[in-house]
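Some notes on the structure that comes next.
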Amino acid sequence: MAKIPERFRNYMFNENDFLPETYEIADPEKEELVRKLVMLISDDITFRSAKKLDLTEPDVWLIDRLLTKEEVRFMLSFKKKRTVKLTIEELAERNVMSVQEAQEIVDHIAGIGMIEFDRENEKKERQYFIPKWVVGSGEYMMMNG
């Protein structure tokens with residue numbers, strides 16, 4: 001277990017927290033996708049480039065552990081966070097899959113709090129979006145245990 005880096009001193013870490021000294025994503029394609037997703041959803045202004053993103057960043061290894069490569073790719077299909085709201089049919093079309101397949105993926109990702117939904121449209125149908133990373137999904141993951 002690594003010593004808590006100086007940049008995280010004001011966070012609520014304790015001696016039982018896992019902060020890897022090194023981290024590798026075995027699948028190079030998934031690594032590239034995870035880096036892109038972190039850049040999409042994170043508000044951390046120190047993240048300048050997906051290629052230069054340090055794999056020991058908590059955002060990186062958390063997403064790698066929570067999502068499959070297919071789910072990361074699925075989330076990237078939103079292209080923007082918070083402002084892009086898509087129905088399940090639109091998500092299925094963007095990801096070239098059936099509505100049922102898209103719904104299964106959405107259910108899992110929403111279950112861990114990384115996708116949210118509302119019904120703020122004329123038809124009052126569910127539309128999904130990527131919430132704010134820290135204040136949104138981080139809190140929901142903690143609530144879901």
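The values are calculated or read from the model by the stated rules, or taken from the named source; none is laboratory data. Small disclaimer: the values here were computed from a predicted structure and weren't measured. All Cβ positions, even for glycine, are placed from backbone atoms using ideal geometry, and neighbour counts span all protein chains on display.
This table checks each residue for (1) touching a helix residue (DSSP H, G or I) at 6+ places or on another chain (Cβ under 7 Å); (2) under 16 Å from VAL34 (Cβ atoms); (3) assigned to a helix (DSSP H, G or I); (4) polar (S, T, N, Q).
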{"site": "THR46", "(1), (2), (3), (4)": "no, no, no, yes"}
{"site": "ASP64", "(1), (2), (3), (4)": "yes, yes, yes, no"}
{"site": "PHE74", "(1), (2), (3), (4)": "yes, yes, yes, no"}
{"site": "LYS80", "(1), (2), (3), (4)": "no, no, no, no"}
{"site": "LEU91", "(1), (2), (3), (4)": "yes, no, yes, no"}
{"site": "ILE109", "(1), (2), (3), (4)": "yes, yes, yes, no"}
{"site": "GLY113", "(1), (2), (3), (4)": "yes, no, no, no"}
{"site": "PRO131", "(1), (2), (3), (4)": "yes, no, no, no"}
Inset, instruction - Go through the residues of region 65-73 one by one and say whether even a single one is charged (D, E, K, R), at pLDDT below 95 and within 17 Å of the chain's Cα centre (by Cα). - result: yes
Inset, instruction - For GLU101, indicate whether it is at pLDDT 90 or above, out of contact with any Ser or Thr (no Cβ under 6 Å at 6 or more places or on another chain) and of a type in the set (Asp, Glu). - result: yes
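Conditions (1) of a type in the set (Asp, Glu); (2) within 18 Å of the chain's Cα centre (by Cα); (3) closer than 21 Å to SER77 by Cα; (4) modelled with pLDDT of 70 or more, marked per residue:
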site: ASN10; (1), (2), (3), (4): no, no, no, no
site: GLU15; (1), (2), (3), (4): yes, no, no, no
site: ASP27; (1), (2), (3), (4): yes, yes, yes, yes
site: VAL34; (1), (2), (3), (4): no, yes, yes, yes
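So is GLU120 at pLDDT below 95, over 16 Å from LYS132 (Cα atoms), out of contact with any strand residue (DSSP E or B) (no Cβ under 8 Å at 6 or more places or on another chain) and part of a loop (DSSP other than H, G, I, E, B) or not?
Values: at pLDDT below 95: yes; over 16 Å from LYS132 (Cα atoms): yes; out of contact with any strand residue (DSSP E or B) (no Cβ under 8 Å at 6 or more places or on another chain): no; part of a loop (DSSP other than H, G, I, E, B): yes.
Spelling it out, it is not the case that GLU120 is at pLDDT below 95, over 16 Å from LYS132 (Cα atoms), out of contact with any strand residue (DSSP E or B) (no Cβ under 8 Å at 6 or more places or on another chain) and part of a loop (DSSP other than H, G, I, E, B).
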